[in-house]
Amino acid sequence: MAGRWVWVVGPDCYLDDEGREHPKLTPGAPAMRWACHRDTRPGDLAVLYRSQRAKDLAYVLRVTSEPAYEPGPRPWNCAAEVVERLERPVPIADLRADPVTARWSALRASFVRTGAPVPDDVWERLMEMRR
């Protein structure tokens with residue numbers, strides 16, 4: 001089974017220069033590099049948590065490369081393609097109010113890491129909440 005991750009990105013990654021949703025996040029757009037966890041592997045899935053302004057989960061991505069190390073504040077990065085924009089982005093308030101996702105360690109830590117694993121029960125619940 002493929003791994004499942006949450007990746008945390010700021011507005012500079014999900015908004016364009018005019019403050020609109022960035023076109024690189026259109027499903028089917030070419031794969032691009034994202035900060036990821038070093039244990040990420042090709043075929044893994046990730047939900048994108050949009051920090052600061054949006055504060056929600058809004059996209060599902062599929063990893064297309066092994067992680068690469070580059071010295072700096074976010075040393076691991078992977079290529080990934082956008083598979084889906086969620087019909088209904090899931091706000092952090094809903095995640096905190098839900099009994100399944102509220103126990104998720106990444107959420108309890110307020111998504112402070114670039115990437116964190118998503119347990120199976122949380123992934124299933126996120127996929128239910130997106131509709």
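Only one of these conditions is not met by Tyr69: (1) over 15 Å from the mean Cα position of the chain (by Cα); (2) under 17 Å from Gly10 (Cα atoms). Which number is it?
Just one mismatch for Tyr69, condition (2).
Please enumerate the residues belonging to the stretch 1-21 that are of a type outside the set (Val, Ile, Thr) and either surrounded by 15 or more Cβ atoms within 10 Å (Cβ to Cβ) or not in a loop (DSSP other than H, G, I, E, B) (or both).
Once the filter is applied, which keeps residues that are of a type outside the set (Val, Ile, Thr) and either surrounded by 15 or more Cβ atoms within 10 Å (Cβ to Cβ) or not in a loop (DSSP other than H, G, I, E, B) (or both), the stretch 1-21 yields Gly3, Arg4, Trp5, Trp7, Pro11, Asp12, Cys13, Tyr14, Leu15, Glu21.
Across the stretch 111-131, what is the total count of residues that are of a type in the set (A, V, I, L, M), surrounded by fewer than 18 Cβ atoms within 10 Å (Cβ to Cβ) and more than 16 Å from Arg85 (Cα to Cα)?
1
Residues of the stretch 63-93 being within 20 Å of Glu128 (Cβ to Cβ) and part of a strand (DSSP E or B), which ones?
Val83, Glu84, Arg85, Leu86, Glu87, Arg88, Pro89, Val90, Pro91
For Asp44, only one of the following conditions fails: (1) under 12 Å from Trp5 (Cβ atoms); (2) touching a residue at least 60 places away in the same chain (Cβ under 8 Å); (3) of a type outside the set (Phe, Trp, Tyr). What is its number?
(2)
Identify, by number, the condition in (1) modelled with pLDDT under 95; (2) farther than 12 Å from Trp5 by Cα; (3) crowded, with 20+ Cβ neighbours inside 10 Å that Cys36 doesn't meet.
Among (1) modelled with pLDDT under 95; (2) farther than 12 Å from Trp5 by Cα; (3) crowded, with 20+ Cβ neighbours inside 10 Å, Cys36 violates only (2).
Residue-wise test of (1) at pLDDT below 95; (2) surrounded by 19 or more Cβ atoms within 10 Å (Cβ to Cβ).
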position: Arg62; (1), (2): no, no
position: Glu66; (1), (2): no, no
position: Arg74; (1), (2): yes, no
position: Asn77; (1), (2): yes, yes
position: Val83; (1), (2): no, no
position: Asp94; (1), (2): no, no
position: Arg103; (1), (2): no, no
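Anything in the stretch 107-131 that is under 15 Å from Trp7 (Cβ atoms) and either at pLDDT 95 or above or not small (Gly, Ala, Ser) (or both)? List them, or say none.
Listed by number, the residues that qualify are Leu107, Phe111, Val112, Arg113, Thr114, Pro117, Val118, Val122, Trp123, Leu126.
The values are calculated or read from the model by the stated rules, or taken from the named source; none is laboratory data. Keep in mind the model is a prediction, meaning the values are calculated, not measured. Please note: Cβ atoms are built from the backbone with ideal geometry, for glycine as well, and neighbour counts cover all protein chains shown.
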